[in-house]
1. What's the angle, to the nearest 10 degrees (0 to 90), between helix 2-12's Cα axis and the longest principal axis of the chain?
2. Please sort 57-64, 171-178, 115-122 by packing, taking for each peptide the average over its residues of neighbouring beta carbons within 10 angstrom, highest first.
3. So between Lys118 and Lys92, what do we pick up on full extension, going 0.36 nm a residue minus the alpha carbon distance?
4. Say R0 is 35 Å: what FRET efficiency, to the nearest 0.05, do Lys58 and Ala33 get from their beta-carbon distance?
5. If Lys and Arg each add +1 and Asp and Glu each add -1, what is the summed charge of the other residues whose beta carbon sits under 9 Å from the beta carbon of Thr44?
6. Here are labelled values, (i) 17.1, 49; (ii) 17.5, 56; (iii) 18.6, 58, and one is the computed Rg and Dmax of the Cα atoms in Å for what I pasted. Which one?
7. Scan the range 23-128 for GluC sites (Glu not before Pro) in coil per DSSP, keeping those whose Cβ has at most 11 other Cβ atoms within 10 Å, and list them by number.
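Where a number appears in this text, it was derived from the coordinates with a stated rule and is not lab data. Bear in mind that the values here come from a model prediction, so they are computed numbers and not experimental data. In this analysis, Cβ positions are derived from the backbone assuming ideal geometry, glycine residues included, and neighbour counts consider all displayed protein chains.
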Amino acid sequence: MKCFIRLITALLLISTSNAYSNETALYDPQVKANEALVRVLNLTEHSIVANFVSVNKKINNTASFTFSSYIRVRAGQNNFSINGHELSIDVKQGQFYTVVTKPDGNLTFAVDKKINKKGKSMIAVYNYSKAKTLSLKTANGKVTIIENVKPNATGYREINALSINMGIFEDTTKVRETNKQHLQKDKIKNIAIIDASDGVAIAISSSQINTRM
């Protein structure tokens, strides 16, 4: 058992090497000058249409409790409208953003991280539970992957590509378990969390970019 735990821990280690710091452009999505990437996370109980007012674009029919693909917008002040709620964000060139429709319909946003080292995978946790500080661990609770993500906050970690069962924990209590997740090189796995009658509910998806918009 100790050998198994050491193996999992080794697989989850974040590289601190700067050897690949100049290779970011090789595996980052190609974003044109003066552009950023924005997507929607819908945490309501119905599908939504997101209007990107400043650039005259829409993301249609993002289903309940799912992430949309990223689309390109121009850098600078951008206005978003979803189901009568509005949000303005000053987006920076080359950055990634998630516009979040919370369960009550109000809008907020997260500035997303990118993978820094070629060949790594990344897990991103979006905690939109109201009062729970949560950690992502291996399903057996032995190894912590992302620790203490506060409500309305995000947590990130680069890890090696592998297949793994994970759990959402409040302190030492497991409140939800994922099915087996296949983490791929140069891909980001997103986990969104909201409150539910039996603890928390989670939505899991891989980041995608809509290159047609």
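1. Computed tilt is about 20 degrees.
2. 115-122, 57-64, 171-178
3. Working: separation 26, 0.36 × 26 = 9.36 nm, distance 2.29 nm.
The Lys118-Lys92 span can extend by a further 7.1 nm.
4. Numbers: r = 24 Å, r/R0 = 0.68.
Step by step, r from the Cβ atoms, then E = 0.90.
5. On the way: positive: Lys102; negative: Glu45, Asp104.
Combined, the nearby Lys, Arg, Asp and Glu give -1.
6. Among (i) 17.1, 49; (ii) 17.5, 56; (iii) 18.6, 58, the one derived from this structure is (ii).
7. Working: sites: Glu23, Glu35, Glu45, Glu86; in loops: Glu45.
Sparse-neighbourhood loop GluC sites (Glu not before Pro): Glu45.
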